[in-house]
Amino acid sequence: MEKKEKKRHYKNVDFEANLTTASGGLPLTEAAPLWRFSHFGVEMDGDFKHCHLCHSRMKLWIAIWNTANGVVLFIGHDCYDKLVSFLATKKLESLSLGSRKEYVSAIKKYCKQNITESFLAWFGEQEAPAELKATLAFIEKFGYAPTLEAAEALVAYYKTTRRFKLDELLDYTSHRARMLSMLFRDFLADNPLWQEVSLAEYEALDFSFADGLSGEEVGEGFFKEAFRKVLPAGTSATSCFLNGEAMKSWIENARNVKSAVIEEAWKRAVVDLQQRIASQQESYRLLSFWRGRNPKHQTDQWECRDGGRKYVLDSACHYNPSEGPVFCRVTRELVPDRVLLVSKLVLAPSMESPRYMWVTR
Ligand SMILES: [Zn+2]
């Protein structure tokens, strides 16, 4: 008996003795399956722990816990691997302890997907809870979190605490983001896209209403003007924006109001012209043209006579006799006080919609 004992490495003896003791005295084959992985750990700044199973000094360790009695052991990576291989070679039905590599790779994968440099930089400036700070210190040293749960806790804190402007979170190349930025471009003081939200809040928002908008519609001044006019009373653009249903009805109302805005703009343009005519009566005429001939160049031209004067339509303007009398503005005297060059005035949507302006055409 004594000889056999001597053959075994003292670390294996300690391993078995300590694990069975911690498992309430059960034999190793019954004790080993009771243990579960808890978390990775590290000793900082020259400190070290002793492995609870083999007493080796260790800086990196793993906590495992006993499902039967709740005992927690801090053990070295070697002892952890030894336990895993014992379970495997005994051909137990299922491996209750995953290999250390398995745990590390799951944690690393999660960290790589969720914990970015900007994430860590932001945390550096936060008064975060102590356990999160400990997780961060571990990540800074090893590049991954001690447990998946610790990484998830860090990500959850980040998602609910860090705030971003909405327009930073929208994928600016998407149709949705382009429509929204066009729609609110003129909301200088209270652009809803400048509202700050957390990532968790952002994930809960529904911007699908923007998918049904077209660039033509949103870029058009008459629609934008209607959109501004029908902001529900007592609400801010931002509060509507954050509620997908409110936003949908806002847009629907704007579509209904658009024709009234166009009509109003038309009337305003007519009144503007009437005021201009009243103040400069000599410059405006209501004229019907007929085909004539330019005596000097022998080219066709639209012309007419009125009040002892001859009016010639600028060759850049289009005219059709079916239009009847059209508004014209005198642009130049061809023969002083006798022959005048005129341009036809047409009401057209201005570049700065929602207005109409009189253009020569
Ligand atoms: Zn050990």
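What follows draws every value from the coordinates through simple rules; no lab data is involved. This structure is a prediction, so every number in the text was calculated from the model and none was measured. We place every Cβ from the backbone using ideal geometry, glycine too, and count neighbours over all the protein chains shown.
Here are a few things to note about the model shown:
- Simple spin-label estimate for Glu333 and Lys248 gives 6.7 nm between the two label positions (7 Å along the Cα-to-Cβ direction from each Cα).
- Model label points for Glu149 and Arg36, set 7 angstrom from Cα along the Cα-to-Cβ axis, are 0.8 nm apart.
- Magnitude of the charge dipole, the chain, Cβ model with Lys/Arg +1 and Asp/Glu -1, debye to 20: 920 debye
- Near Arg338: Cβ cut-off under 11 Å, other residues only, Lys/Arg at +1 and Asp/Glu at -1. The net charge is +1.
- Extension gain for Lys108 to Lys229 (0.36 nm times residue separation, less C-alpha to C-alpha distance): 38.3 nm.
- Full-stretch length increase - Glu196, His175 - with 0.36 nm per residue and alpha-carbon distance subtracted: 5.4 nm
- Within the shell defined by Cβ-Cβ distances under 13 Å, the residues around Lys108 carry a net charge of +3, with Lys and Arg each +1 and Asp and Glu each -1.
- Sorting 15-23, 121-129 by their mean Cβ neighbour count within 10 Å, with the most densely packed peptide first, gives 15-23, 121-129.
- Of all lysines in the structure, those lying under 28 Å Cα to Cα from Lys11, and not within fewer than 8 positions of it along the same chain, are Lys3, Lys49, Lys59, Lys82, Lys90, Lys91, Lys101.
- For region 242-254, Karplus couplings with θ = phi - 60° (6.51, -1.76, 1.60), whole Hz, Gly/Pro x: 7, 10, x, 5, 4, 5, 4, 6, 4, 5, 4, 4, 4
- Whole-Hz ³J(HN,Hα) from phi, Karplus 6.51 cos²θ - 1.76 cosθ + 1.60, for region 122-129, glycine and proline x: 4, 4, x, 9, 9, 8, 7, x
- Total charge dipole magnitude, region 280-360, about the Cα centre, Cβ charges on Lys, Arg, Asp, Glu only, Debye to nearest 20: 200 debye
- Val346-Ser239 FRET efficiency (beta carbon distance; Förster radius 45 Å; 0.05 resolution): 0.60
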